[in-house]
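What follows is a short report on a single structure.
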Amino acid sequence: MKISNAEIFVTCPGRNFVILKIETDQGVVGYGDGTLNGRELPVASYLRDCMVPMLIGMDPRRIEDIWQTLYRGAYWQGGPVAMSALASVDIALWDIKGKMAGMPIYDLLGGRSRDRLMLYGHASGADIPQTVDAVGAWFERGYKVIRAQTGVPGTKTIYGVNPAGGASLGFVPSQADLPIEHVWDSEAYLRMVPKLFETLSSRFGDSVQFVHDSHHRLRPIEAARLSKELEQFRLFWLEDVCRPERADRFRLIRNASTTPLALGEVFHGIQECQPYFEENLIDFIRIAAIHTGGLTHARRIIDYAALHDVRTGLHGPPDVSPIGMAAHVHLGAWAPNFGVQEWATMPAPEMNDVFAHEHVIEGGHVTPSGAPGLGIRFNEDEARKHEFKRSYIGLNRLPDGTAWNY
Ligand code: EZ4
Ligand code: CO
């Protein structure tokens with residue numbers, strides 16, 4: 001059996017996605033997702049110029065060998081662009097294997113550990129009352145974990161909150177054809193967030209738990225203060241308090257409180273997880289299979305996490321396509337150390353023309369489909385109708401104009 005062709009789709013049904021199709025000489029095809037938000041074309045070029053020429057003629061059944069060959073064979077191992085490209089190849093190969101076996105991927109991984117996966121949704125508002133409304137709407141739908149982000153007085157726009165104001169049930173990406181600049185003021189933010197969770201706790205009591213994302217903006221001492229002040233509200237997790245390059249900085253935060261910490265959405269490999277697992281610095285691992293070399297490597301990270309009592313909280317923002325989300329559904333169905341699955345798929349109507357999900361989302365859970373492979377259908381003709389649009393993630397500046405982490 002041989003790989004006979006591979007085709008790269010860069011499609012924009014509401015936002016950009018990089019989808020790889022792998023064809024075989026036996027007619028079975030598979031799809032993978034390698035979307036790297038704001039850096040989609042470099043992934044497409046990496047696939048086209050470096051990986052696809054090597055893939056043609058390879059035996060698609062040998063997923064592990066193909067993975068190692070593309071990873072080690074680059075000499076320049078790793079990096080977000082290459083690991084996203086590799087992810088799209090790997091996910092497509094698992095899709096093919098599942099279709100050949102007539103089994104859903106979770107069965108190939110070892111079978112389901114649960115019937116359905118708990119999800120969390122995104123709530124935000126320009127101020128606390130609006131955020132309370134948005135949280136209430138998820139609560140009514142049966143969600144037990146809800147992400148809450150709120151506007152900060154004196155800061156016009158902020159990550160995770162609709163710049164147009166008002167309550168938002170969905171994630172509001174800060175994207176444009178040139179980067180949008182925001183002002184980041186740690187002190188104003190640190191004064192606001194405990195007030196938000198004080199209000200939410202008194203309103204929703206013990207019936208839900210909250211997630212909050214600081215998006216890598218705090219300094220370690222600030223992060224320690226925030227995690228300490230939020231401890232009483234028993235968050236499900238506090239996410240990305242600092243940039244992850246220096247794990248030792250997390251000891252300070254860890255020692256300050258028992259607020260569970262989540263990290264890893266910008267990781268692309270197991271080595272970055274290592275210090276966090278070995279020193280028990282985090283509670284939830286936020287990797288996306290589409291940025292960490294696909295199912296093959298994500299499974300390795302999840303097993304390693306389990307050794308350290310770290311649960312999964314795989315990344316599910318709008319920039320993970322339904323193909324990537326399907327990979328997460330299979331990992332989550334199997335993983336003994338599953339925690340929760342974020343679900344913030346792009347709400348654009350064109351999405352449903354391009355991707356058809358066979359997984360059922362209802363009442364704050366997703367029930368995996370038993371369809372062979374990923375359980376997703378990709379409409380190539382519809383995808384071709386939606387051309388790539390240049391799009392950047394936002395930029396942050398401190399109040400004095402200094403460039404800061406977004
Ligand atoms: O900003 O996926 O938890 N979710 C996040 C995301 C990230 C985007 C970046 O591509 O932090 O919204
Ligand atoms: Co995040």
**Report entry** Cα→Cβ-extended label distance, 7 Å offset, between Ala348 and Glu387, nm
**Finding:** 1.4 nm
Report summary line: Per the rule of 0.36 nm per residue minus the C-alpha distance, extending Ala188 to Arg397 adds in nm 73.8 nm
Report task. Give the Rg (one decimal place) followed by the Dmax (whole number) of the stretch 322-382, computed from C-alpha coordinates and expressed in Å. Result -> 12.0, 39
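Hey, can you rank 250-259, 322-331 by average C-beta count inside 10 Å, highest first?
Working: 250-259: 17.3, 322-331: 28.2.
For the peptides 250-259, 322-331, the packing ranking is 322-331, 250-259.
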Requested in this report: Run the 1.4 Å probe and let me know the accessible area of Lys99, rounded to the nearest 10 Å².
Outcome: 70 Å²
Query raised in the report: Given only helices, namely DSSP H runs of n ≥ 4 each adding -39500 (n - 2.57), what is the per-residue ellipticity at 222 nm of the chain, to the nearest 500 deg cm²/dmol?
Result: -10500 deg cm²/dmol
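Please identify the DSSP H helices in the chain that span no less than 24 Å along the helix axis (Cα) and have a mean Kyte-Doolittle hydropathy of -1.0 or more.
Flagged H segments are 80-101, 186-204.
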Query - Whole-Å semi-axes of the ellipsoid equivalent to the stretch 45-191 (Cα gyration tensor, √5λ, descending) - result: 41, 24, 12
Query - Candidates Pro260, Pro179, Pro368, ranked by Gaussian network fluctuation over the chain, Cα under 10 Å, top entry - result: Pro179
Requested in this report: Report, as a whole number in µm² per second, the diffusion coefficient that Stokes-Einstein gives for the chain at 37 °C and 0.692 mPa s using the Kirkwood radius over alpha carbon pairs.
Outcome: 153 µm²/s
Requested in this report: Give me the number: length gained by fully extending Ala356 to Asp309, i.e. 0.36 nm times residue separation minus the C-alpha to C-alpha distance, one decimal in nm.
Outcome: 13.5 nm
Query raised in the report: For the chain, what number of Lys pairs, 8 or more residues apart or on separate chains, have alpha-carbon atoms under 28 Å from each other?
Result: 14
Report summary line: Lys and Arg at +1, Asp and Glu at -1: neighbours of Gly401 with Cβ under 14 Å from its Cβ sum to -2
**Report entry** Cβ-derived FRET efficiency at R0 45 Å, Glu279 paired with Ser113, nearest 0.05
**Finding:** 0.95
Query raised in the report: How many percent of the accessible area of the chain is carbon or sulfur, using a 1.4 Å probe?
Result: 50 percent
**Report entry** Residues of the chain: accessible area per residue with a 1.4 Å probe, Å²
**Finding:** 39 Å²
Query - Solvent exposure, largest accessible area first (probe 1.4 Å, DNA, RNA and ligands not counted), of Leu108, Leu226 - result: Leu108, Leu226
Query raised in the report: How many angstrom lie between the C-alpha centres of the stretch 133-182 and the stretch 39-104?
Result: 35 Å
Query raised in the report: Counting only protein chains, not ligands or nucleic acids, how are His297, His268 ordered by accessible area (probe 1.4 Å), most first?
Result: His268, His297
**Report entry** Shape call, the stretch 1-87: gyration tensor on alpha carbons, a/c limit 1.5
**Finding:** oblate
Report summary line: Applying the gyration tensor rule to the Cα atoms of the stretch 45-91 (axes a ≥ b ≥ c; rounded if a/c under 1.5, else prolate if a/b exceeds b/c, else oblate), the class is prolate
Requested in this report: For Phe9, tell me the accessible area in Å² from a 1.4 Å probe, rounded to the nearest 10.
Outcome: 10 Å²
Query raised in the report: Among Gly14, Gly38, Gly27, which one moves the most in a GNM of the chain with springs linking Cα atoms closer than 10 Å?
Result: Gly27
Query raised in the report: What order do Ile270, Ile285 take when sorted by accessible area (1.4 Å probe), most exposed first?
Result: Ile270, Ile285
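The values are calculated or read from the model by the stated rules, or taken from the named source; none is laboratory data. Since the structure is predicted, the reported quantities are computational estimates derived from the model, not experimental observations. Every residue, glycine as well, gets a Cβ built from its backbone with ideal geometry; the counts of neighbours run over all protein chains shown. Note: areas computed on protein heavy atoms with side chains; ligands, DNA, RNA excluded. Shrake-Rupley method; radii C 1.70, N 1.55, O 1.52, S 1.80 Å.
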